[in-house]
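Have a look at the structure below, then the notes.
The values are calculated or read from the model by the stated rules, or taken from the named source; none is laboratory data. The structure presented is a predicted model; accordingly, all values stated were derived computationally and were not measured. Please note: Cβ atoms are built from the backbone with ideal geometry, for glycine as well, and neighbour counts cover all protein chains shown. Side chains are part of the model used for accessible areas, which takes the heavy atoms of the whole protein and leaves out ligands, DNA and RNA. Shrake-Rupley method; radii C 1.70, N 1.55, O 1.52, S 1.80 Å.
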Amino acid sequence: MSSPVQDDGTRGLRLAPFRGLRYVPERVGSLAAVTSPPYDVVVRPEEQRQLETAHPYNLVRLILPEDSGPQDGGPQDRHRRAARTLARWLEQGVLAADPEPALYVYEQRAGSGSAGSAGSAEYDGAGGPGAGELLQRGVIGALRLTAPEEGAVLPHEDVMPGPVADRAALMRATAANLEPLLLAYRGGDATARIVDRTADGARPLLSTTTGDGVRHRLWSLTDPAGLAAVTADLATRQALIADGHHRWATYRELQAAHPPGTPWDYGLVLLVDTARYPMRVRAIHRVLPRLAPDAALRAAAGVFRVRPLAGASLDGALAALGEAAAHGNAFLLAGRGYHLLDRPDPARLAAAVRADRPAAWRRLDAAVLHGLLLDEVWRVPDADGHIRYIHEAAAAVTLAERHGGTAVLLHPVREQVVLDLARQGVMMPRKSTSFGPKPAGGLVIRRLEPG
């Protein structure tokens with residue numbers, strides 16, 4: 001995933017150091033207790049409540065500020081409250097800025113028996129752990145924002161205007177990048193050597209293990225020679241947005257709203273060399289709380305082959321989905337037992353899926369799900385209250401059962417398919433992929449201060 005640099009030097013990745021805001025361990029105690037998954041991964045309201053009660057300074061209070069009650073002024077008031085909370089934490093010494101600008105080397109590691117390794121890629125290369133153990137390393141910095149035509153950063157999913165507007169309002173109010181995007185690139189040998197040398201030989205700024213069994217460590221990189229080497233290496237690279245399309249769109253919107261030469265020209269990212277530390281691409285599932293399982297199955301039976309998986313566990317049902325997906329579009333319905341949908345009617349499929357897209361796009365499960373099942377068969381609008389996007393299969397099943405609705409579980413897309421479509425400039429349906437492991441929020445924050 002490399003890209004040539006133009007004569008004017010505008011193409012490629014430019015990662016700038018910044019003075020990170022970090023939690024002060026003496027003020028918060030457990031660093032693990034103040035971290036949070038990305039805002040769009042948090043299952044609301046259940047997991048959000050758990051995070052809020054886990055610690056009074058948990059990052060979720062900033063990234064997902066709650067309504068204060070019936071008198072609440074709406075989203076603007078929530079965002080202003082997040083800004084006041086951030087300012088108060090700074091005044092109280094809960095958060096403090098590092099003394100000098102830095103890039104941050106970030107490591108996530110877990111053994112094969114931990115919960116954290118279940119959904120993440122394995123690494124078995126030189127310097128890494130043995131097979132079955134999670135290890136991901138990358139570098140966090142402020143990335144120069146570029147126009148799509150430069151080709152330095154490749155999105156691969158469409159975005160929804162609502163979340164972009166919400167994130168933009170939150171960033172404006174707090175004047176901060178509260179959590180990094182996850183970007184994947186390939187072949188930055190110099191950067192990879194610096195990342196590994198730092199992680200293997202230096203004392204970390206912080207080390208903590210979250211409840212999923214993943215150990216997180218962070219180092220600062222301030223050495224001028226090291227920073228220069230990273231700059232030169234990344235200047236020829238191209239990155240794929242692995243996680244954070246809505247935040248990337250937000251960065252670009254806010255950049256356009258400010259004059260050039262301000263901190264809004266940059267956004268907080270984690271860059272991972274996937275040639276050295278491969279990510280795993282997982283599916284994002286759908287929960288339809290207003291569609292009863294029986295009604296969903298009756299309607300789908302006229303278009304798909306429907307097979308009940310009697311007595312199957314979730315793992316067994318997902319294995320059956322994987323086998324069926326090897327031969328074409330397939331979905332697993334849950335809510336009242338498990339049912340496998342496959343072999344869609346060719347004529348209905350051809351009529352429902354957009355014809356102005358490449359063949360690889362037309363074969364995507366997400367494209368078939370939205371074009372055929374949701375729009376034509378079930379008539380479910382893609383709107384709040386009708387569709388919930390859930391990253392974990394078990395959480396999707398639980399949520400569907402709680403509401404008497406239907407969970408639609410999908411099989412993951414191969415990374416090469418994602419990359420090929422992104423290079424063509426073709427956007428996949430929103431919430432098609434979930435790359436991971438994702439960075440924990442709360443380890444380092446970027447404040448957008450002049451200079």
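Selection of first residues in the stretch 265-285 that are in contact (Cβ under 8 Å) with a residue 24 or more places away in the chain and outside any strand (DSSP E or B) and of second residues that are of a type in the set (Lys, Arg) and open to solvent by less than 50 Å² (accessible area, probe 1.4 Å), restricted to Cβ pairs under 8 Å at least 6 apart or on distinct chains, gives the following pairs, ordered by first then second residue: Asp265/Arg144; Arg276/Arg137; Tyr277/Arg137; Ile284/Lys431. For the stretch 173-196, filtering for residues that are surrounded by fewer than 17 Cβ atoms within 10 Å (Cβ to Cβ) and modelled with pLDDT of 95 or more leaves 1.
Cβ separations smaller than 6 Å between residues 6+ apart or across chains give the following pairs from the stretch 389-402 residues that are over 11 Å from Leu288 (Cα atoms) to residues that are open to solvent by 20 Å² or more (accessible area, probe 1.4 Å) and not acidic (Asp, Glu): His391/Val41; Ala395/Val43.
Okay, residues lined up against (1) within 14 Å of Leu410 (Cβ to Cβ); (2) touching a residue at least 12 places away in the same chain (Cβ under 8 Å); (3) among the β-branched types (Val, Ile, Thr); (4) assigned to a strand (DSSP E or B):
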site: Arg290; (1), (2), (3), (4): no, yes, no, no
site: Ala299; (1), (2), (3), (4): no, yes, no, no
site: Ala320; (1), (2), (3), (4): yes, yes, no, no
site: Glu323; (1), (2), (3), (4): no, no, no, no
site: Gly328; (1), (2), (3), (4): yes, yes, no, no
site: Arg348; (1), (2), (3), (4): no, yes, no, no
site: Arg357; (1), (2), (3), (4): no, yes, no, no
site: Ala360; (1), (2), (3), (4): no, yes, no, no
site: Gly385; (1), (2), (3), (4): no, yes, no, no
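Val418 meets all of the listed conditions (1) open to solvent by 10 Å² or more (accessible area, probe 1.4 Å); (2) among the aliphatic types (A, V, I, L, M); (3) within 15 Å of the chain's Cα centre (by Cα) but one, namely (1). Considering (1) within 21 Å of His55 (Cα to Cα); (2) touching a Ser or Thr at 6+ places or on another chain (Cβ under 8 Å); (3) outside any strand (DSSP E or B), the lone condition that Gly187 does not fulfil carries the number (1). Taking the conditions exactly as written (open to solvent by 70 Å² or more (accessible area, probe 1.4 Å) and over 23 Å from Val306 (Cβ atoms)), does Asp356 satisfy them or not? Spelling it out, Asp356 is indeed open to solvent by 70 Å² or more (accessible area, probe 1.4 Å) and over 23 Å from Val306 (Cβ atoms). Looking only at residues in the stretch 20-59 that are of a type in the set (Val, Ile, Thr) and closer than 27 Å to Ser432 by Cα, the one that is nearest to the chain's Cα centre (by Cα) is Val41.
Among helices (runs of 4 or more DSSP H) lying entirely in the stretch 10-82, which contain 1 or more residues that are modelled with pLDDT of 90 or more, open to solvent by 30 Å² or more (accessible area, probe 1.4 Å) and out of contact with any helix residue (DSSP H, G or I) (no Cβ under 8 Å at 6 or more places or on another chain)?
Working: elements: 25-28, 46-54, 60-63.
Qualifying helices (runs of 4 or more DSSP H): 25-28, 46-54.
Mind checking which residues of the stretch 191-218 are closer than 26 Å to Ala232 by Cβ and touching a strand residue (DSSP E or B) at 6+ places or on another chain (Cβ under 8 Å)? If the condition is that a residue be closer than 26 Å to Ala232 by Cβ and touching a strand residue (DSSP E or B) at 6+ places or on another chain (Cβ under 8 Å), then Thr191, Ala192, Ile194, Val195, Asp196, Thr198, Ala199, Ala202, Pro204, Leu205, Arg217, Leu218 are the ones that fit. Residues of the stretch 219-250 that are among the basic types (Lys, Arg) and part of a helix (DSSP H, G or I): Arg247 alone.
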